[in-house]
1. Within the set of pairs 6 or more residues apart or between chains, which connect a residue that is on the phi > 0 side of the Ramachandran plot inside segment 101-125 to a residue that is outside any loop (DSSP other than H, G, I, E, B) and open to solvent by 20 Å² or more (accessible area, probe 1.4 Å) with Cβ atoms less than 9 Å apart?
2. Do we find a residue being in contact with a Lys or Arg (Cβ under 8 Å, 6 or more places away or on another chain) and closer than 17 Å to R4 by Cβ anywhere in segment 48-64?
3. Which of the residues belonging to segment 55-79 are open to solvent by 10 Å² or more (accessible area, probe 1.4 Å) and not small (G, A, S)?
4. Scan segment 87-108 residue by residue and report those that are open to solvent by 30 Å² or more (accessible area, probe 1.4 Å) and either part of a strand (DSSP E or B) or touching a strand residue (DSSP E or B) at 6+ places or on another chain (Cβ under 7 Å) (or both).
5. Does L7 qualify as being of a type in the set (A, V, I, L, M) and buried (at least 24 other Cβ atoms within 10 Å of the Cβ)?
6. Just to be sure, is G120 small (G, A, S), open to solvent by 10 Å² or more (accessible area, probe 1.4 Å) and in contact with a Gly (Cβ under 7 Å, 6 or more places away or on another chain)?
7. Output the residue which, of all residues in segment 172-215 that are among the β-branched types (V, I, T) and in contact (Cβ under 8 Å) with a residue 60 or more places away in the chain, is farthest from L144 (Cα to Cα).
8. What residue, of P169, P218, is free of Cβ contacts under 8 Å to residues at least 24 places away in the same chain and out of contact with any Gly (no Cβ under 9 Å at 6 or more places or on another chain)?
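The values are calculated or read from the model by the stated rules, or taken from the named source; none is laboratory data. What you are looking at is a predicted structure, and each value in this text was computed from that prediction instead of being measured. A quick note on method: Cβ atoms are made from the backbone with ideal geometry, for glycine too, and the neighbour counts reach across all protein chains shown. All accessible areas refer to the heavy atoms of the entire protein, side chains included, with ligands and DNA or RNA removed. Shrake-Rupley method; radii C 1.70, N 1.55, O 1.52, S 1.80 Å.
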Amino acid sequence: MRFRAGLFVTGTDTGVGKTLVSSALIGLAQSWGVRAAGFKPVAAGCSPGGVNEDVAALVQASAQTGLGAGDLGPIQLRAACAPTVAASLEGRELSMFDLNPAIERLRRDADCVIVEGVGGFDVPLSKTWSTAQLAQTLGLPVLLVVGVRLGCMNHAILTARAVQADGLPLIGWIANRLDPDMLCSDETLADLEHVLLHRFKTPCLGRIQRLDSPAYIPPEALHADALRPYLLPA
């Protein structure tokens, strides 16, 4: 079940930039000659017969592997709502077993896998299964994407606490500025960086400024040297 290398990318909420960061990590690994692929185990929101937009972005970023939307997004639900609700609308109950064929293909065809979670860290996927349990099963180190807006400090601290309470290594966090009009955003980031480092030993590994083109992160926005050990297969 374990991949050779990779990260589990979670966020403080939905819509905070997990796909953006995941695509950037795939590109970073590829720049070092690594066969890297993204993986969105569960995605909610796509038209019948269509492809979820997050999955489509990961397929594009992972093009060199030749893996398609069914490989990188094995569970794509039509309704853009909570996964348990979306699955119920389709008469489905999601299971980890649904992911096994895709995981085996990724283990065979990729040397590094960037797994993107759904929404926040502990989102229910069924009555007995959640994204936190998925992260535990995959056993990858966790990278947290913090959507920088009012309330982000509490969201980030609670998420960091939950990740470590579940026994997973939280290697760092990425700040993604979502609100260009946020009051005292620099001061908030400085305080958050202090709290996460001193309470959770979790450093800031990148800062993404408000982007005009949200499909691309400048390479200098991420701390490549700190991320390298997690993206290179042993």
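1. Here the result reads G119/A44, each pair linking segment 101-125 to a residue that is outside any loop (DSSP other than H, G, I, E, B) and open to solvent by 20 Å² or more (accessible area, probe 1.4 Å).
2. As a first pass, look at segment 48-64 and keep what is in contact with a Lys or Arg (Cβ under 8 Å, 6 or more places away or on another chain): 48, 52, 54-55, 58, 64.
Checking the rest, the ones that are also closer than 17 Å to R4 by Cβ come to 64.
Among the residues of segment 48-64, at least one is in contact with a Lys or Arg (Cβ under 8 Å, 6 or more places away or on another chain) and closer than 17 Å to R4 by Cβ, which makes the answer yes.
3. Of the residues in segment 55-79, the ones open to solvent by 10 Å² or more (accessible area, probe 1.4 Å) are 56-57, 59-61, 63-71, 74, 76, 78-79.
If the condition is that a residue be open to solvent by 10 Å² or more (accessible area, probe 1.4 Å) and not small (G, A, S), then V59, Q60, Q64, T65, L67, D71, P74, Q76, R78 are the ones that fit.
4. Let us first name the residues in segment 87-108 that are open to solvent by 30 Å² or more (accessible area, probe 1.4 Å), namely 88-93, 95-98, 100-101, 104-105, 107-108.
Within segment 87-108, E90, D98 meet the criteria.
5. Values: of a type in the set (A, V, I, L, M): yes; buried (at least 24 other Cβ atoms within 10 Å of the Cβ): yes.
So L7 fits the description; yes.
6. The answer is yes for G120.
7. Step one: list which residues in segment 172-215 are among the β-branched types (V, I, T), which gives 174, 188, 195, 202, 208.
If we keep only those that are in contact (Cβ under 8 Å) with a residue 60 or more places away in the chain too, we end up with 174, 208.
On the way: I174: 6, I208: 13 Å.
Among those residues, the one meeting the criterion is I208.
8. Details: P169 fails: free of Cβ contacts under 8 Å to residues at least 24 places away in the same chain.
The conditions single out P218.
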